[in-house]
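Contents: one structure, followed by commentary.
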Amino acid sequence: MRVETTFRVMAAVAGLALVAGCTTTRTVQRVSVDEVRDLSGRWNDTDSRLVAEEMVSDVLRRPWLTDFKMSAGRKPVVIVGTVRNLSSEHIQMGTFVKDIERELINSGVVRFVASSTERSEVRTERLDQQSHATEETAKRLAAETGADYMLKGGIKTVIDAVDGQQVKFYQIDMELIHVENNEKVWIGSKKIKKVVRQARARF
């Protein structure tokens, strides 16, 4: 029994040593958020940021903006509507929409109102204030700023692959629509093409 027990203990120790020997050490390196690291070829944070910057820059230098300011005598109010992922891969559309919103707000050229989801939460708070806040601090109902224009769009992909090489083509289309009369005052398009080569395994 002692020999058998000793053998089992030695086998267990050898097994643990084998597992420990197979354990890999993970290295983590902090890099700048502006540094481009395209590992998989899929849509990433750099694509989101650069497309948002280019799209907003383009829409804000088009004639509709000057025309509106001249006729209304004020900055236009803009809201971002639905931006759809029509591609073949998972894309965090919320991040892309936030990048667009940030560029619009920080431009200082237009005024910006919250999305429908955000407005719903704020409206609930306003209603709650009617019953629980003081008369001096309760915010008025039906005093929201209405949007003049809505920015909508989508992302599409076309993928071509052969012999371990893949070409990914992204097309981002956006359009600005007048909320009252449905007139489209701007259409923008941005294209991204990536070539992904898969290294062959060597034995």
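The values are calculated or read from the model by the stated rules, or taken from the named source; none is laboratory data. Small disclaimer: the values here were computed from a predicted structure and weren't measured. Cβ sites come from the backbone with ideal geometry, for glycine too, and all protein chains shown count toward neighbours.
A single member of 34, 47 is outside any helix (DSSP H, G or I), modelled with pLDDT under 95 and either closer than 28 Å to residue 182 by Cα or within 18 Å of the chain's Cα centre (by Cα) (or both), and it is 34.
Residue-by-condition table, conditions (1) loosely packed, with under 10 Cβ neighbours inside 10 Å; (2) out of contact with any Phe, Trp or Tyr (no Cβ under 6 Å at 6 or more places or on another chain); (3) among the hydroxyl-bearing types (Ser, Thr, Tyr); (4) within 30 Å of residue 42 (Cα to Cα):
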position: 147; (1), (2), (3), (4): no, yes, no, no
position: 150; (1), (2), (3), (4): no, yes, no, yes
position: 179; (1), (2), (3), (4): no, yes, no, no
position: 185; (1), (2), (3), (4): no, no, no, no
position: 189; (1), (2), (3), (4): no, yes, yes, yes
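Among the conditions (1) assigned to a strand (DSSP E or B); (2) more than 21 Å from residue 191 (Cα to Cα); (3) out of contact with any Asp or Glu (no Cβ under 9 Å at 6 or more places or on another chain); (4) among the β-branched types (Val, Ile, Thr), the only one that residue 66 does not satisfy is (1). Summed over region 141-188, the residues that are assigned to a loop (DSSP other than H, G, I, E, B) and among the β-branched types (Val, Ile, Thr) give a count of 2.
Residue-wise test of (1) within 16 Å of residue 173 (Cα to Cα); (2) buried (at least 19 other Cβ atoms within 10 Å of the Cβ); (3) polar (S, T, N, Q); (4) over 21 Å from the mean Cα position of the chain (by Cα).
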position: 65; (1), (2), (3), (4): no, yes, no, yes
position: 74; (1), (2), (3), (4): no, no, no, yes
position: 79; (1), (2), (3), (4): no, yes, no, no
position: 82; (1), (2), (3), (4): yes, no, yes, no
position: 91; (1), (2), (3), (4): yes, yes, no, no
position: 97; (1), (2), (3), (4): yes, yes, no, no
position: 100; (1), (2), (3), (4): yes, yes, no, no
position: 107; (1), (2), (3), (4): no, no, yes, no
position: 116; (1), (2), (3), (4): no, no, yes, no
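Of the numbered criteria (1) over 27 Å from the mean Cα position of the chain (by Cα); (2) in a loop (DSSP other than H, G, I, E, B); (3) among the basic types (Lys, Arg), the one residue 61 fails is (1).
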